[in-house]
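What follows is a single structure, written as structure tokens, with notes after it.
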Amino acid sequence: KQEVTQIPAALSVPEGENLVLNCSFTDSAIYNLQWFRQDPGKGLTSLLLIQSSQREQTSGRLNASLDKSSGRSTLYIAASQPGDSATYLCAVTLNFGNEKLTFGTGTRLTIIP
Amino acid sequence: NAGVTQTPKFRVLKTGQSMTLLCAQDMNHEYMYWYRQDPGMGLRLIHYSVGEGTTAKGEVPDGYNVSRLKKQNFLLGLESAAPSQTSVYFCASRVDGGPTEAFFGQGTRLTVV
């Protein structure tokens, strides 16, 4: 069974700093990995999707990397802003049974003004 | 562009009552999902559908039923609500099982007393 872990569960950093969020998964036979953002009381917003054949994806100040062999993905946020405060979740789909997304429990990020 | 719409947004039920949660998507997506989100446990898959007229069990299907009579709608039913079903429920959809993004609704907060 695929297990997805996100450590730390919570992170606080001063505004302007660069930061890295981590996602690890136990089964490296993944089809793709997706990073989401969730604001309190809201739904999930897709940030980046990395296909299994890709090493990274970039969108604005966000960069997501994928290392299948080590079972890890990172989400890099450059020049953090208070508006980046949210919970960040990663989700993976497997090669077999790739219709299902398995989620990590998320990292709650707080950017301190 | 509505995307994924969930109805209702909030509901309070008494133990033993029944209700149906409606998910509607206007993106012509094949795959649809129902998740529940509980503190400290992340998102867990309840049921999913890979096309009109099909449904399948996810990780935590007990106590729930689903139907996908129309491609754009995915219904989640609780026949006899229990306090353990107090949760936030999210619906999601994707184009198909390929490396495509999943899009989420805004959630339904359900309390069973």
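Taking max minus min of the alpha-carbon positions on each principal axis, region B:49-99 gives extents of 36, 23, 16 Å, largest first. Annotation for region B:38-113: GluC sites (Glu not before Pro) lying in DSSP loop with at most 12 further Cβ atoms inside 10 Å of their Cβ are B:GLU79.
The modelled label-to-label distance for the pair B:SER80/B:ARG44, using points 7 Å beyond Cα in the direction of Cβ, is 2.0 nm.
Taking neighbour counts of Cβ atoms within 10 Å as a proxy for exposure, in what order, fewest first, do B:MET27, B:MET19 appear? List each step's numbers first, then the result.
Working: B:MET27 13, B:MET19 16.
Arranged by neighbour count, lowest to highest, B:MET27, B:MET19 become B:MET27, B:MET19.
If only the Cβ of Lys and Arg carry +1 and only the Cβ of Asp and Glu carry -1, the dipole of the protein assembly as shown around its Cα centre is close to 420 debye.
Please give the FRET efficiency for B:SER67 paired with B:ARG109, using the beta carbon to beta carbon distance and R0 = 35 Å, rounded to the nearest 0.05.
0.95
Using a 10 Å cut-off on Cβ to Cβ distances, tally the other chain neighbours for every residue of B:40-47 and report the average as a whole number.
On the way: counts 3, 2, 9, 11, 2, 4, 0, 0.
The mean count of partner-chain Cβ atoms within 10 Å per residue comes to 4.
For chain B, the spread of Cα coordinates along the three principal axes comes to 39, 29, 27 Å, biggest extent given first.
Among all the lysines, which ones have a C-alpha under 23 Å from A:LYS68's C-alpha, if same-chain residues fewer than 8 places away are not counted? Of all the lysines, those that pass the test against A:LYS68 - Cα under 23 Å, at least 8 places apart if same chain - are A:LYS1, A:LYS100. Computed over neighbours whose Cβ is under 15 Å from that of B:LEU110, the net charge equals +4, Lys and Arg +1, Asp and Glu -1. Remark on B:GLY58: its backbone amide H falls under 5 Å from those of B:HIS47, B:TYR48, a criterion applied only to residues 5 or more positions apart or on other chains, H modelled at 1.01 Å from N.
For region B:55-69, backbone phi angles converted through the Karplus equation (6.51, -1.76, 1.60; θ = phi - 60°) give residue-by-residue couplings of 9, 8, 7, x, 7, 10, x, 5, x, 10, 9, 9, 8, 9, 6 Hz, Gly and Pro being listed as x.
Remark: B:ASP62, A:ASP67, A:ASP27 ranked as B:ASP62, A:ASP67, A:ASP27, counting other beta-carbon atoms within 10 Å and listing the fewest first. Between A:ARG55, A:ARG37, A:ARG72, the residue with the greatest mean-square fluctuation in the GNM of chain A (Cα pairs under 10 Å linked by springs) is A:ARG55. In the neighborhood of A:THR93, defined by Cβ-to-Cβ distances under 10 Å, what is the net charge if each Lys or Arg adds +1 and each Asp or Glu adds -1? Charge balance near A:THR93 sits at +1.
No value in this document is a laboratory result; all are computed from the given coordinates. As the structure is a computational prediction, the values presented were derived from the model and not from experiment. When we count neighbours, we look across all protein chains shown, and the Cβ atoms used for this are built from the backbone with ideal geometry, even at glycine.
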